[in-house]
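Engineer: My questions all concern the structure below.
Laboratory data are not the source of any read-out in this text; all were calculated from the coordinates shown. The shown structure was predicted, so the numbers you read here are calculated from the model rather than taken from an experiment. Positions of Cβ are backbone-derived with ideal geometry, glycine not excepted, and every protein chain shown enters the neighbour counts.
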Amino acid sequence: MRRSFIQSALVLAVALALAGCGTAASPSPTAAPSGAPSTQAPATAAPTAAPAEKVVLNLLTGFTGGDRAAYEGLVKLFNDTHPNIEARMDIQPWDTIKTTTPAAFASGQGPDIVTPDYNPGTVLEYVKGGLILPLDEMFGTGEKQVDPAALPPAVLEGFSADGKIYAAPANLATLMVYYNKALYAAAGLTKPPSTMDEFRTYAKALTDKAKGQYGIALADHATIAMWPILIWADGGDIVGQDGCSMLDDPKTIAAVKSWADLIASDAISPVGLTGGEADNLIAAGKAAMEMNGPWATGVYTPAGIDYDVAPIPRGSAPQVTLAAAVPFVVNKATKNKDAALEFLAWWNGKDAQRYLSANSGFPPSRTDMADDPELAKNPWVPKFAAAVPYSRLYLAGVPNFSQVDEIFSTAIGRLTRGEPADAVLTDSAKQMDAVLGCK
């Protein structure tokens, strides 16, 4: 569950210890997605003579998944082409980063650049705490800047507060339905579902209790947001345009109830899954479907799963899926501001995004690369990129993100354990409105 943004003294001590670390130990390389080029950085021209002093830029990221090698390769490419800066990336679990970083930043410690969470809503909490620098200087049309017009407007809006931009995209992803083709064939299914009604029917048909097989792996906490997609698809929402809870909206209740009832009564998914546990079920061939992003190809392909991806089925509302944009933020206490801004601008440049897409399956963070022929060399990139136009961020711009997210996650957990949807969501809406300042 989300922890409070104000950390205890013990957490602060851990954070300071973490801040003192250098680079992470060299990991075993992770296989790139099927059809992707090698994650080895391409050959580059010999750099000019290095200056007398090199800036060491410390990064802390949560890229522990199957796409880890792509990010490590990209950092290496930056270092190979920037003799005046050495970027050192430490990779830690997301929960560790979320728990320790605020206290480290508040004490004037910590690395220069961090991915604070895999949800953009956390950015506002760092802004509110006065922990990070605005990044407006890196946006523009200069040689070492990023043209803001090249980035998705929804992402920039989600990273902004009080007219300033406080984060840059570490990546851009959409969620699609992963499905096990062998399990589909065994159930007599020949194509992925195209509607939410079919999606629910498939999840039930693919569940086989005798074999310990689940129709879908549906996580409800410590995960990329899955449940909001199911709510959006049928016209509901978590927070409305007025900034108040929509958990007690009839459309939200109906959408949640339709899935929670299938879990509670038909065991289409285990109860109380984390994102990692859901991924493990797919990798082990014990679940037939999951909503996930392109990073999962780096896990399921090496696991030998015969799978493909398909768009999120359409419900009663216009088609929708989640846009996941991990934010990079810069420590307010950094002594390497210029190097940090140069690194982030380079990361979101065309060359870097071309490399990241080819080696991870992610769409580029830029909207001006749709016709780039290099991107099609990885077969997953066009599939996930096609969903970008109808994707949306989770709780972007919502105040007190962590509290709101925790209330929502807790409500879903209660429902999947059989509690009545009307009562749980009405009660949770009141809690959420209190946090949001709504009457």
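Engineer: For K164, K257, what's the fewest-to-most ordering of other Cβ within 10 Å of each Cβ?
Structural biologist: In increasing order of surrounding Cβ atoms, one gets K164, K257.
Engineer: What order do you get for W94, W295 when you list them from fewest to most C-beta neighbours inside 10 Å?
Structural biologist: Placing the least packed residue first, the sequence is W94, W295.
Engineer: Right, here's the next one. Between K144 and T274, take the C-beta separation as r, use R0 = 60 Å, and let me know the FRET efficiency to the nearest 0.05.
Structural biologist: Efficiency, rounded to the nearest 0.05: 0.95.
Engineer: Placing unit charges on C-beta atoms (Lys and Arg positive, Asp and Glu negative, everything else neutral), compute the dipole magnitude of the chain about its Cα centre in debye, rounded to 20.
Structural biologist: The dipole of the chain has a size of about 540 debye.
Engineer: Taking the 0 to 90 degree range and rounding to the nearest ten, how far is the long axis of helix 401-416 tilted relative to the main principal axis of the chain, both from C-alpha atoms?
Structural biologist: Between helix and principal axis, roughly 30 degrees.
Engineer: What do you get for Rg/Rh of the stretch 281-439 when both radii come from the Cα atoms and Rh is the Kirkwood radius?
Structural biologist: Result: Rg/Rh = 1.03.
Engineer: Let me ask something else about it. Whole percent per 10 Å bin, from 0 to the bin with the longest distance: what is P(r) over all C-alpha pairs of the chain?
Structural biologist: 4, 21, 32, 27, 13, 3, 0
Engineer: Can you work out the FRET efficiency for the pair S107 and K286, with r the C-beta to C-beta distance and R0 = 56 Å, to the nearest 0.05?
Structural biologist: 0.80
Engineer: List, in order, the whole-Hz ³J(HN,Hα) value for each residue of the stretch 247-260 obtained from phi through the Karplus relation with A = 6.51, B = -1.76, C = 1.60 and θ = phi - 60°; use x for Gly and Pro.
Structural biologist: Each residue's phi maps through the Karplus curve to give 5, 9, 5, x, 5, 5, 4, 5, 5, 5, 4, 4, 8, 4 Hz.
Engineer: Hey, what angle do you get for helix 421-436 against the long axis of the chain, alpha-carbon based, 0 to 90 degrees rounded to 10?
Structural biologist: 30
Engineer: How much mean residue ellipticity at 222 nm does the chain get from its helices, if each DSSP H run of length 4 or more adds -39500 (n - 2.57) and you divide by all residues, to the nearest 500 deg cm²/dmol?
Structural biologist: -11000 deg cm²/dmol
Engineer: OK, next. Using a cut-off of 12 Å between beta-carbons, work out the net charge of the residues near G62 (Lys and Arg +1, Asp and Glu -1, G62 not included).
Structural biologist: Neighbour charge sum, excluding G62 itself: -2.
Engineer: Now a separate question. Please build a GNM for the chain, connecting alpha carbons under 10 Å apart, and tell me which residue among D242, D261, D368 fluctuates the most.
Structural biologist: Of the options given, D242 has the highest mean-square fluctuation.
Engineer: Another question, if that's okay. Any idea which of A303, V75, V256 is furthest toward the positive side of the dipole for the chain, if Lys and Arg beta-carbons carry +1 and Asp and Glu beta-carbons -1?
Structural biologist: Sorting the options by dipole projection puts first A303.
Engineer: Ok, one more. Roughly how many nanometres apart are two label points built 7 Å out from the Cα toward the Cβ at E137 and K337?
Structural biologist: Between E137 and K337, the label points sit 0.5 nm apart.
Engineer: Among the GluC sites (Glu not before Pro) within the stretch 88-193, which fall in a DSSP loop and have no more than 11 other Cβ atoms within 10 Å of their own Cβ?
Structural biologist: The qualifying sites are E143.
Engineer: Same structure again: Once both axes come from the Cα atoms, what is the angle between helix 350-360 and the longest principal axis of the chain, in degrees from 0 to 90, rounded to 10?
Structural biologist: Helix 350-360 sits at roughly 40 degrees to that axis.
Engineer: Once R0 is set to 60 Å, what does the formula 1/(1 + (r/R0)^6) return for the Cβ-Cβ distance between C438 and E53, expressed as a FRET efficiency to the nearest 0.05?
Structural biologist: According to the calculation, E is roughly 0.70.
Engineer: Using a simple spin-label model with points 7 Å from Cα along the Cα→Cβ vector, what separation in nm is obtained for E419 and S194?
Structural biologist: In this crude label model, E419 to S194 measures out at 3.9 nm.
Engineer: In the chain, what % of DSSP beta bridges are antiparallel (nearest 5)?
Structural biologist: Approximately 55 percent, going by the DSSP bridge assignments.
Engineer: Same structure, new question: Mind checking which of A150, I231, V177 is farthest towards the positive end of the stretch 95-242's charge dipole, using Cβ charges of +1 (Lys, Arg) and -1 (Asp, Glu) about the Cα centre?
Structural biologist: V177
Engineer: I've got another one for you. Using a cut-off of 10 Å between beta-carbons, work out the net charge of the residues near K337 (Lys and Arg +1, Asp and Glu -1, K337 not included).
Structural biologist: -2
Engineer: Provide the per-residue ³J(HN,Hα) series for the stretch 276-282, in order, calculated from phi with Karplus coefficients 6.51, -1.76, 1.60 and θ = phi - 60°, each as a whole number of Hz, with x at glycine and proline positions.
Structural biologist: Working through the residues one at a time gives x, 5, 5, 4, 5, 5, 5 Hz.
Engineer: Around G236, with a cut-off of 12 angstrom between Cβ atoms, what is the net charge of the other residues, counting Lys and Arg +1 and Asp and Glu -1?
Structural biologist: Charge balance near G236 sits at -2.
Engineer: When averaged across all projection directions, what area in nm² does the alpha-carbon convex hull of the stretch 136-277 cover?
Structural biologist: So the mean shadow area of the Cα hull is 11.9 nm².
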